[in-house]
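The values are calculated or read from the model by the stated rules, or taken from the named source; none is laboratory data. These figures come from a predicted structure and were not determined experimentally. Neighbour counts run over all protein chains shown; Cβ positions are idealised from the backbone, glycine included. Only protein heavy atoms, including side chains, enter the accessible area calculation; ligands, DNA and RNA are left aside. Shrake-Rupley method; radii C 1.70, N 1.55, O 1.52, S 1.80 Å.
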Amino acid sequence: ITCPGVVLKDKQELYLSVFVLGKYKKTGCVPAVFPLFFQERLLFEKTFANIVDPGDLVKLLEFDTAVLELIQLVPPVGKVLATYEENTRDFLFPDPKFTHGHRGLEREILMKRSPFFT
C-alpha cells in the first residue's frame, strides 16, 4: 500500500482487514512505514449450493459487498485509516482497464481515507 509523502504519527503496526463472500480474514501486522508490504495470500472459499445458472451467480455477487480496511493497532480497539467497498462481482472480476500484468493477479485500487487519517 502506498501513500506518497505521508508519515504516520502513531507508530503502532497496521494490518489489512478483508470481508468477502461473507467471510472475514486479516493479514499479519506490518510496521507503520509506507509503503506497506503484505506478503501473504488470503483464501476465501464459498459453495453456492442452490445456484445452477451462472447468471444467477453474477446477480448474487452484484448484491454482495467486498470490504477492505487498513487498520492501525492504536488502543483500545484499533483505528481504521482507509476503506474500500465494492460489489463482490466487480471486486473479483474487474474490468481489464484496471488490471496490470496477468489478469487477476495484481491490480490497483483506491482506498477512501477515514477522518482519522489526516
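Values for this structure:
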{"item": "Stretchable slack from Leu110 to Phe37, in nm (0.36 nm times residue separation minus alpha-carbon distance)", "result": "24.7 nm"}
{"item": "Accessible surface ranking that places the most exposed of Tyr84, Tyr24 first, with a 1.4 angstrom probe", "result": "Tyr24, Tyr84"}
{"item": "Listed candidates (1) 27; (2) 41; (3) 33 - label of the one calculated as percent of Cα pairs over 22 Å apart", "result": "(2)"}
{"item": "Subset of Lys23/Lys79; Lys11/Lys112; Lys26/Lys79; Lys59/Lys112 violating a 19 Å alpha-carbon distance limit", "result": "Lys23/Lys79; Lys11/Lys112; Lys59/Lys112"}
{"item": "Sites Ser17 and Asn50, calculated FRET efficiency, Cβ-Cβ separation with R0 25 Å, nearest 0.05", "result": "0.30"}
